[in-house]
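The values are calculated or read from the model by the stated rules, or taken from the named source; none is laboratory data. Just so it is clear, the structure is predicted and the values come from calculations on it, not from any experiment. Positions of Cβ are generated from backbone atoms using ideal geometry, with glycine treated the same way; all protein chains shown enter the neighbour counts. Side chains are part of the model used for accessible areas, which takes the heavy atoms of the whole protein and leaves out ligands, DNA and RNA. Shrake-Rupley method; radii C 1.70, N 1.55, O 1.52, S 1.80 Å.
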Amino acid sequence: MFDSGVSCHMMENLSFIHDLKHISPILIGLENGALAFARKEGSVKLNKRIKLNNVLYVPSLTCNLISIMEFCKELNCSVTFFDNFCVLQDCILWIPIGAGEQ
């Protein structure tokens, strides 16, 4: 799920994360007010062209979160939201590199 309110990518499913490494604990504030710790991070390959780095493993999440800000910085792209979908575009060639549905 794309999220404009998170500052880093976070996954609750360890099977998606590759090149996993242990990190110093990072305190994560959850939407419901609870706190959780991330103690591992790695990379996630979304498709053949899109790979996310520094993805935190947070087992107490109920879904996987992709930080829009980090996504755009890492991939040099923009995200345009419509009423029930979004389009990802390369910022140099302005070609679509992905899309998502609500």
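Tabulated values for the structure
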quantity: Residue among N64, N47, N13 with the largest mean-square fluctuation in a Gaussian network model of the chain, springs linking Cα atoms under 10 Å; calculated: N47
quantity: Förster radius 22 Å - calculated FRET efficiency between C91 and M69, Cβ distance, rounded to 0.05; calculated: 0.95
quantity: The range 1-67, accessible surface, carbon-and-sulfur percent (1.4 angstrom probe); calculated: 52 percent
quantity: Quotient of Cα Rg and 2.2 N^0.38 Å for the range 47-101, N being how many residues it contains; calculated: 1.22
quantity: Solvent-accessible surface (1.4 angstrom probe) belonging to D19, in square angstrom, nearest 10; calculated: 120 Å²
quantity: Viscosity 1.306 mPa s, temperature 10 °C, Stokes-Einstein D of the chain from Kirkwood C-alpha radius, µm²/s; calculated: 111 µm²/s
quantity: The chain: most fluctuating residue of I17, I28, I92 per GNM, C-alpha cutoff 10 Å; calculated: I92
quantity: Inter-site label distance for E31 and K48 at 7 Å from Cα along Cβ, in nm; calculated: 3.3 nm
quantity: Among F81, F37, F16: highest mean-square fluctuation, GNM of the chain, C-alpha pairs under 10 Å; calculated: F81
